[in-house]
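As structure tokens, the structure follows; a few thoughts come after it.
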Amino acid sequence: DTGVSQDPRHKITKRGQNVTFRCDPISEHNRLYWYRQTLGQGPEFLTYFQNEAQLEKSRLLSDRFSAERPKGSFSTLEIQRTEQGDSAMYLCASAPGQTNNEQFFGPGTRLTVL
Amino acid sequence: DQQVKQNSPSLSVQEGRISILNCDYTNSMFDYFLWYKKYPAEGPTFLISISSIKDKNEDGRFTVFLNKSAKHLSLHIVPSQPGDSAVYFCAAKDSGTYKYIFGTGTRLKVLA
């Protein structure tokens, strides 16, 4: 299977702990997105990478969130000092090319903060 | 401020009939629109898209209509099949950013 993969699929953590999620995009895709989805809502944009460059970050994203994409391949999303409000599904998506294209989503990482 | 709105949280349709899912938006800077389908425990899957310079795009059983003056988007599924039962999200891209804004979704149930 050569789709977008995310690890872990589920994460339960205690408030105040740090967590890190990994996304492996489709190999030839140079564009990578992170989204957050809560119950009853659509995916909410968090950040965008084109190759290794982080070109956009949501203004709603607190300083506790950071994302990287070293070498323009896989990406990581770290949440420091987690809060109960961070509980959500974190989705990664990748896309090819420079123009508007469909995004291919991974299955997501479900985070539960106790 | 919800820039992309899907006002119907759910819709039920008989198999073989037409399903019409609606989406309204407020930002006139949106230049590209997409529809995604989502099954439980999976990420969204792309269905169909349309550029703001067009008013219709068709792909098999799926047709998307764009009415820019009304800032309204709709997805038609004909004929509807039980396998189409899922949550459908519309999304829009702001021409000035890389950001895609999603609606809250409509749960479609196709009854056999």
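Please enumerate the residues belonging to segment A:56-71 that are aliphatic (A, V, I, L, M), modelled with pLDDT under 95 and either under 13 Å from the mean Cα position of the chain (by Cα) or surrounded by 15 or more Cβ atoms within 10 Å (Cβ to Cβ) (or both).
Across segment A:56-71, the qualifying residue is only A:L61.
If you scan segment A:51-67, which residues turn out to be part of a loop (DSSP other than H, G, I, E, B) and of a type in the set (S, T, Y)?
A:S58, A:S62
Determine, yes or no, whether B:S74 is touching a Ser or Thr at 6+ places or on another chain (Cβ under 8 Å), open to solvent by less than 20 Å² (accessible area, probe 1.4 Å) and of a type in the set (G, A, S).
no
Of the residues that make up segment A:33-55, is at least one in contact (Cβ under 8 Å) with a residue 24 or more places away in the chain, open to solvent by 50 Å² or more (accessible area, probe 1.4 Å) and not hydroxyl-bearing (S, T, Y)?
No, every residue in segment A:33-55 fails to be in contact (Cβ under 8 Å) with a residue 24 or more places away in the chain, open to solvent by 50 Å² or more (accessible area, probe 1.4 Å) and not hydroxyl-bearing (S, T, Y).
Taking segment A:4-32, which residues are closer than 13 Å to A:L91 by Cβ and either assigned to a loop (DSSP other than H, G, I, E, B) or open to solvent by less than 40 Å² (accessible area, probe 1.4 Å) (or both)?
Scanning segment A:4-32 gives A:V4, A:Q6, A:R9, A:F21, A:C23, A:P25, A:L32.
Can you tell me which condition A:E52 does not meet? The list is (1) more than 14 Å from chain B (Cβ to nearest Cβ); (2) in contact with a Phe, Trp or Tyr (Cβ under 6 Å, 6 or more places away or on another chain); (3) at pLDDT below 95, and all the others hold.
(2)
Consider B:D94 carefully, then state whether it is open to solvent by 70 Å² or more (accessible area, probe 1.4 Å), out of contact with any His (no Cβ under 8 Å at 6 or more places or on another chain) and of a type in the set (D, E).
So B:D94 fails the test.
Output the residues belonging to segment A:18-34 that are within 14 Å of another protein chain (Cβ to nearest Cβ) and farther than 24 Å from B:T97 by Cβ.
A:D24, the sole residue that qualifies.
Which ones in segment A:58-101 are within 14 Å of another protein chain (Cβ to nearest Cβ) and of a type in the set (A, V, I, L, M)?
The answer is A:L60, A:L61, A:A67, A:A88, A:M89, A:L91, A:A93, A:A95.
Being at pLDDT below 95 and among the polar types (S, T, N, Q) is the filter; apply it to segment B:86-106 and report the residue that is farthest from A:F105 (Cα to Cα).
Ranking the candidates gives B:S95 first.
The values are calculated or read from the model by the stated rules, or taken from the named source; none is laboratory data. Quick caveat: nothing in here was measured; it's all calculated off a predicted structure. Here Cβ is always computed from backbone atoms with ideal geometry, including for glycine, and neighbour counts include all displayed protein chains. To get the accessible areas, we keep the full protein, side chains included, count just its heavy atoms, and leave off ligands, DNA and RNA. Shrake-Rupley method; radii C 1.70, N 1.55, O 1.52, S 1.80 Å.
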